[in-house]
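Okay, so here's the structure we're looking at.
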Amino acid sequence: MKRSANKAVWWVLGIALALLVLIQLVPSPGIKTNPPITAEPTWDSPQTHLLAERACFDCHSNETAWPWYTNVAPVSWLIARDVLGGREALNFSTWGNGETEGGEESAETLFDGTMPLRSYLITHPDARLSASEKQQLAQGLLASLGGKEGYSSSEVSRQNDEDD
Ligand code: HEC
């Protein structure tokens, strides 16, 4: 009885390991690619640029850092999806190429907590922003990317107060 249970465990482990090895052969298109930087927004301050680099650039620029684990499936698939999807929504390295998302949307994502993605913050604690850094970045992004009329920096402060 015990013997065959042990055997079953070894089989399951063996199959899992074989699968893990096999899925490494499935390509993840886009992984490890950093296309050229064609244009950047005109940052209103070096501080805005720095904060955006720290919290947003891995998925919203062509300057993505690709640590070793981004090579390993299935992690590589998930990361490729986030980076390609992020660049499609907003890419600070190809600014002006028909971007649809501006400062307003970016400020909103900071306050509703959707950006940076939670899964990213677990592995990148440096990207966590304090309330005042969020406010700085939101205001900086509004100033650098432009916001819709009627969405002013006072709106940002109001949202930030609610956030605290
Ligand atoms: C781990 C990757 C990742 C990081 C880091 C990240 N984003 Fe995103 N972002 C995405 C993805 C993927 C999408 C598109 C799909 C979606 O909306 O979830 C997106 C979409 C967006 C959009 C489009 C509107 C929306 O909500 O869909 C905005 C604006 C945005 N991000 C702003 C930011 C800002 C500002 C930062 C930094 C504070 C940031 N993102 C950090 C992955 C990321």
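All of the numbers you see were taken from the coordinates with simple rules; none came from a lab. It should be emphasised that the depicted structure is a prediction, and the values quoted were computed from it without experimental measurement. Positions of Cβ are backbone-derived with ideal geometry, glycine not excepted, and every protein chain shown enters the neighbour counts.
May I ask for the angle, rounded to the nearest 10°, between helix 153-163 and the longest principal axis of the chain, with both axes built from Cα atoms and the value confined to 0 to 90°?
With both axes taken from Cα atoms, the answer is about 40 degrees.
Give me the mean projected area, in nm² to one decimal, of the convex hull enclosing the Cα positions of the chain.
So the Cα hull casts an average projection of 13.0 nm².
Taking 41 Å as R0, compute the FRET efficiency from the Cβ-Cβ separation of Glu63 and Leu20 and round it to 0.05.
FRET efficiency, Glu63 to Leu20: 0.85.
For the pair Asp126/Ser4, report the inter-label distance in nm, with labels modelled 7 Å from Cα in the Cβ direction.
Placing both labels 7 Å along Cα→Cβ, they lie 5.5 nm apart.
Please give the contour-minus-distance gain from Lys32 to Val72: 0.36 nm per residue of separation, less the Cα-Cα distance, rounded to one decimal in nm.
Working: separation 40, 0.36 × 40 = 14.40 nm, distance 1.16 nm.
Gain on stretching Lys32 to Val72: 13.2 nm.
Between Leu84 and Ala39, what length comes free when the chain is fully extended (0.36 nm per residue of separation minus the Cα-Cα distance, one decimal in nm)?
Stretched out fully, the Leu84 to Ala39 stretch lengthens by 14.4 nm.
To the nearest 10 degrees, how steep is helix 46-55 against the longest Cα principal axis of the chain, on a 0 to 90 scale?
20
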